[in-house]
Structures are given as C-alpha cells and as structure tokens.
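Structure first, then comments.
What follows is calculated from the coordinates using simple rules that are stated; it is not laboratory data. Just so you know, these numbers come straight off a predicted model, no measurement behind them. Glycine gets a Cβ as well: all are built from the backbone with ideal geometry, and neighbour counts include every protein chain shown.
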Amino acid sequence: MAGKKVFGLNQINPASHALEHKEAAKVAVFGLASDFGCQVQMTNIERELLDVLGMFELVYWQLVSSAPLPEDFDIAIIEGAVCTQEHVETLQWIRERAKVVIAIGACAVTGGIPGLARGNVDDFAKRVYGDVPASCGSMASPRPVSDIIAVDFTVPGCPIEPLELVAVLQRALMGGNPEAGGRSMCGDCRLNEDVCFFERGRICLGLVTRAGCGAPCIKLGYPCNGCRGLAASANLDSARDIVAGYGLDVADFDARLQIFNKAGQDSSRS
Ligand code: SF4
Ligand code: SF4
C-alpha cells in the first residue's frame, strides 16, 4: 500500500491538535468509479448533516456545487472504486492534503461491483465498448481506495447508511478510533428475531459480513449478499464448513462472495 499512515483529526495524531481550535473543518467530497448512489444518500440526510455541519465547512462537492476544487481541506470523503491511473493520481493528491480520509460505500471500501472486473479489465472494457474511448482514461484493474492510500475511516454498504457517515464525521472531528468492524451480521439478525436463512435451506452471507446495517434485507425476506464487505472476524473456512453442513453448495457461497469482495479478497483473506 502506498501513502503514509495518518490518524484522526486531533487526539490520535498530536500533529493535528491545531484543528481543535479551528471554527470548522473543511470537507471535500470526491467521486471515483461509482453510480454516485452513496453521494445521493448523503443528500437525503440534510437535517442530520445540519446538526454537524456547524462543525464542518463543505468546500468541494461536485454533486451539489460548482465551487472549484480547493488546494486546502481537512477531511476527504471518497466514494467509488479506483479504476484508472487518473484515480490513482487523484488519490495520492488527496492524501497529501487531507488530514483524514473517509472511504464511503462498497466501491470505495471493498472495490464493490466494479471490483468484479478485477484481473479482466481490458476484456470487460472491450466487451462493453468495443473500441475503448479515450474519455475512459487509462483503465486499471479495479481496487478499493485502501489499496492506493491509507484510509482513516470507512463507511461500508451499497449504498451507505447515511447516519453512519454522520457518526463517522463526528468521530473524525473528535479524534475517535475507527470502528473495527469485527462483528458479523448474525448477532443483529438474531436480535431482530429473524429465522436464519440456513434453517430455511438458503445461503446467507450475513455469516461473514460486517455488521452495522441492522440487517434490513433479512427483515425484508432476502438473504444478505454482503454489501458491507467481510467482517474483520470472518472465518471463511468455518463459514464454508457451515454451508456444507447444511447441505448447501460451497461453490455457490464462494461465487456470491465475489459480488462485493472480489477486489478485496485478492489481497486479504483466503
Ligand atoms: S446467516 Fe444470515 S439469516 Fe442466518 S443469522 Fe446470520 S445474518 Fe441472519
Ligand atoms: S443485510 Fe447484507 S446486503 Fe443488506 S444492507 Fe446489510 S450488509 Fe448489505
């Protein structure tokens, strides 16, 4: 991973203590390869954002403002996967300036859906475009933001749960620790008193997926498809044993895991 290790805005990193005395931390929002769904989610929480916006000054957000990109900002919020060499250079430019980097959404956190093209980007681009237009830039194998620069906080999900972003912004400002993301979804699901999908003969990725969304899909009758990425505690070998123990198809489980974890899995767990 390129880029130097950085920390939260104040108490974790002594060098950033000066920000405690600033009136407002400057926030810039960037989009890489994505459908902007997580940024749209941000626009849906204007009331909650207003609660914390007194502590922030929004200096750059192309979705809602034509204000030009400034040289100076404190917090960078980044949506989207890294899919071009230009994205790599943009991230390095951002990291040199931002004291805190927050990656939001599955694309930025795990590579997400764009990550499905990992390892085959030229083939996919030819199939989609035929002749790949120059406006696509120098296409590169899709990767999560953390493959290129150090990331201080993540807000996973497809799309994000916007109130989670508000909480992360508050933690970033106060110098709180990043949430470790250790728990898997099953605890939340049990609290909701839902019957486990495995008991119903169906595979559910909640077994290995990072908790925090409140298991809405399961409440609605759909198995989790892992949009929040793997939990830090996920043990894929044990999960495969469980899948096999229920007489379900381990290859199917592995295939489903690829939907949101292909890019991340290349460099992390087996
Ligand atoms: S595997 Fe899925 S359905 Fe079963 S307890 Fe875990 S989250 Fe709930
Ligand atoms: S239940 Fe699973 S697929 Fe649904 S929002 Fe949560 S992590 Fe994503």
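If the chain linking GLU199 and ALA24 were pulled fully straight, counting 0.36 nm for each residue of separation and taking away their Cα-Cα distance, it would gain 57.9 nm.
Ignoring aspartates and glutamates fewer than eight residues from LYS99 along the same chain, the ones with Cα atoms less than 14 angstrom from its Cα are GLU20, GLU71, ASP72, ASP74, ASP152. Which FRET efficiency value, to the nearest 0.05, is calculated for LYS126 and PHE36 with the Förster distance at 25 angstrom and r the Cβ-Cβ distance? Approximately 0.50, to the nearest 0.05.
GNM on the chain, alpha-carbon springs under 10 angstrom: the most fluctuating residue among GLY182, GLY111, GLY247 is GLY247. Estimated from the Cβ-Cβ distance and a Förster radius of 41 angstrom, the FRET efficiency linking GLN62 and ALA244 is about 0.30. Isolated cysteines of the chain, defined as having no other cysteine beta carbon under 4.7 Å away, are CYS38, CYS83, CYS107, CYS136, CYS186, CYS189, CYS196, CYS204, CYS213, CYS217, CYS224.
Rg then Dmax, both in Å and based on the Cα atoms of the range 14-174: 16.1, 54. Projecting the alpha carbon convex hull of the chain along each direction and taking the average yields 15.3 nm².
The modelled label-to-label distance for the pair ILE45/GLU89, using points 7 Å beyond Cα in the direction of Cβ, is 3.3 nm.
Largest GNM mean-square fluctuation across GLN39, GLN258, GLN85, computed for the chain with C-alpha springs under 10 Å, falls on GLN85. In the range 14-174, taking the dipole from charged Cβ atoms about the Cα centre, the farthest positive-side position among GLN170, VAL109, SER66 is held by VAL109. Take 29-36, 236-243, 151-158 and order them by the average number of nearby Cβ atoms within 10 Å per residue, most first; the result is 151-158, 29-36, 236-243. Take the Cβ-Cβ distance between ARG183 and MET55 as r, set R0 to 25 Å, and report the resulting FRET efficiency rounded to the nearest 0.05. With R0 = 25 Å, the Cβ-Cβ based efficiency is 0.30. Distances between placed amide hydrogens fall under 5 Å for ILE104 paired with ILE78, GLU79, GLY80, VAL155, all partners being 5 or more residues away or on another chain. Binning all Cα-Cα separations of the range 42-134 at 10 Å, short to long from zero, yields these whole-percent fractions: 13, 37, 31, 15, 4.
From the largest down, the range 102-168 spans 44, 22, 20 angstrom on the principal axes of its Cα atoms.
Ordered from longest to shortest, the equivalent ellipsoid semi-axes for the range 182-265 are 17, 16, 11 Å, each the square root of 5 times a Cα gyration tensor eigenvalue.
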